[in-house]
Amino acid sequence: MEHPENSAEYKGLTVNSGVDQPSIINPYLRRDRFRRREYTAAEMVEGILKGDVTILSQAVTLVESVNPQHQAKAQEVIERCLPHSGHSVRVGISGVPGAGKSTSIDMFGCHVLDEKGGKLAVLAIDPSSERSKGSILGDKTRMEKLSLREEAFIRPSPTAGSLGGVARKTRETIILCEAAGYDKIFVETVGVGQSETACHSMVDFFLLIQLAGTGDELQGIKRGIMEISDGIVINKCDGNNVDKCHMAATNFRNALHFFPRSESGWMPKVLCYSGFYGLGIKEVWDMIYEYIDFVKANGYFDYRRNEQSKYWMYETINEQLRSSFYNSSLIQDHLQEAERKVLTGRQTSFAAAGDLLDMYFENLRK
């Protein structure tokens, strides 16, 4: 018997048996067989509210798309999901590369699901290459236990050149996840640049993961990142590293006393734990929930959520203005000429920028 791969049908050729009949085309070569069904905005919202992970993933992809049509549809989905969001604990997790963020999230996530139940969404921001614009998106490989849990949703997203390494649409993705019933949200940053500031503007609790025994301990005590941290944890507190971790924790606690008290009135705590061995995980979660109870009691929780919404409104305005400027055909026609003037020294950078902006706004007034 002839192997199907050698048959005319498999190769996509017309089969002619000598009898008048429709031509048979190889079904395996038809792209429409593999085309994913496109849901309407209403169907997407219905699926998200039911907790359908497949539809949720498609909606997140839609949110991340730069296609104007996709963006319009995504905004409709987000607006419909908005009334069903806001009922989660949002935790931002940051730290230098190699601090064990993904391994820690694996342990943190499994612990809280076992202890508290519910559902957990992990939005892991993966750094994009400045050259190729590509990302590895390999966070799931370091969250082995969590990725097997049905109640966990792990979504790695490329930074795609957005501010500080935080994906441009992470905040909208949080809304979709909350509408799908995820009552605990992790946002992992790449731990570089200004990603921490952007992450802080979309979470309730900001957790900073640090290491000990890597050289000058005070090198990790940076005023900016320390001031926005609600909790600091020293990872890899195991084996011969225990004493170094406790010494580092003491240094951090002493440093915190030199900073002004946070708006919330909360004094950040410093804990030691081992993500690899799962030691001290309960204490970390106790700290997070103690903070949530504290800020809900004094009203800061709702205040911060409102301030975050206002912040992202202005960020969206800035982003749309930037996009409109660079997508303007008039600007595109004159941008390279302005570059040449700057590079040849005929015009300063500031004057060239001013001319382009004047040209852009003058065109809008017409």
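Restricting the first member to the range 248-272 and to residues that are within 19 Å of residue 212 (Cβ to Cβ), and the second to residues that are charged (D, E, K, R), the beta-carbon pairs closer than 6 Å and six or more apart or on different chains are 248/217; 251/217; 268/230; 270/253; 271/283. Selection of the range 28-49 for residues being modelled with pLDDT of 90 or more and in a helix (DSSP H, G or I) yields 41, 42, 43, 44, 45, 46, 47, 48, 49.
Return yes or no: is residue 331 in a helix (DSSP H, G or I) and either under 30 Å from residue 366 (Cα atoms) or open to solvent by 30 Å² or more (accessible area, probe 1.4 Å) (or both)? So residue 331 fits the description; yes. Of all residues being open to solvent by 20 Å² or more (accessible area, probe 1.4 Å) and under 11 Å from the mean Cα position of the chain (by Cα) in the range 170-189, which is modelled with the highest pLDDT? Just the residue, please. So the residue we want is 172. Answer yes or no: is there a residue in the range 304-326 that is open to solvent by less than 80 Å² (accessible area, probe 1.4 Å), of a type outside the set (Val, Ile, Thr) and more than 25 Å from the chain's Cα centre (by Cα). Checking the range 304-326: at least one residue is open to solvent by less than 80 Å² (accessible area, probe 1.4 Å), of a type outside the set (Val, Ile, Thr) and more than 25 Å from the chain's Cα centre (by Cα).
Determine whether the range 241-262 contains at least one residue that is of a type in the set (Ser, Thr, Tyr), buried (at least 17 other Cβ atoms within 10 Å of the Cβ), closer than 25 Å to residue 108 by Cβ and under 26 Å from the mean Cα position of the chain (by Cα).
Filtering the range 241-262 for residues of a type in the set (Ser, Thr, Tyr) gives 250, 262.
Now restrict to residues that are buried (at least 17 other Cβ atoms within 10 Å of the Cβ): none.
Among the residues of the range 241-262, not one is of a type in the set (Ser, Thr, Tyr), buried (at least 17 other Cβ atoms within 10 Å of the Cβ), closer than 25 Å to residue 108 by Cβ and under 26 Å from the mean Cα position of the chain (by Cα), which makes the answer no.
Restricting attention to the range 46-76 and to residues that are over 18 Å from residue 156 (Cα atoms), in contact (Cβ under 8 Å) with a residue 40 or more places away in the chain and open to solvent by less than 10 Å² (accessible area, probe 1.4 Å), the residue that is nearest to the chain's Cα centre (by Cα) turns out to be 74. Of the residues making up the range 94-115, those that are closer than 14 Å to residue 210 by Cβ and open to solvent by less than 10 Å² (accessible area, probe 1.4 Å) are 94, 95, 99, 104. Does the range 11-27 contain at least one residue that is modelled with pLDDT of 60 or more, surrounded by fewer than 18 Cβ atoms within 10 Å (Cβ to Cβ) and more than 30 Å from residue 205 (Cβ to Cβ)? Scanning the range 11-27, I find no residue that is modelled with pLDDT of 60 or more, surrounded by fewer than 18 Cβ atoms within 10 Å (Cβ to Cβ) and more than 30 Å from residue 205 (Cβ to Cβ), so the answer is no. For the range 120-136, filtered to residues that are crowded, with 21+ Cβ neighbours inside 10 Å and either at pLDDT 80 or above or of a type in the set (Gly, Ala, Ser) (or both), the residue that is farthest from residue 289 (Cα to Cα) is 128. Of 2, 79, which residue is among the charged types (D, E, K, R), open to solvent by 70 Å² or more (accessible area, probe 1.4 Å) and modelled with pLDDT of 90 or more? Going through 2, 79 in turn, the sole match is 79.
Here residue 300 clears all of (1) open to solvent by 20 Å² or more (accessible area, probe 1.4 Å); (2) within 29 Å of the chain's Cα centre (by Cα); (3) within 24 Å of residue 108 (Cα to Cα) except the condition numbered (3).
The values are calculated or read from the model by the stated rules, or taken from the named source; none is laboratory data. Everything numeric in this text was worked out from a predicted model, so none of it was measured. With ideal geometry, Cβ positions are generated from the backbone for all residues, glycine too; neighbour counts draw on all protein chains shown. To get the accessible areas, we keep the full protein, side chains included, count just its heavy atoms, and leave off ligands, DNA and RNA. Shrake-Rupley method; radii C 1.70, N 1.55, O 1.52, S 1.80 Å.
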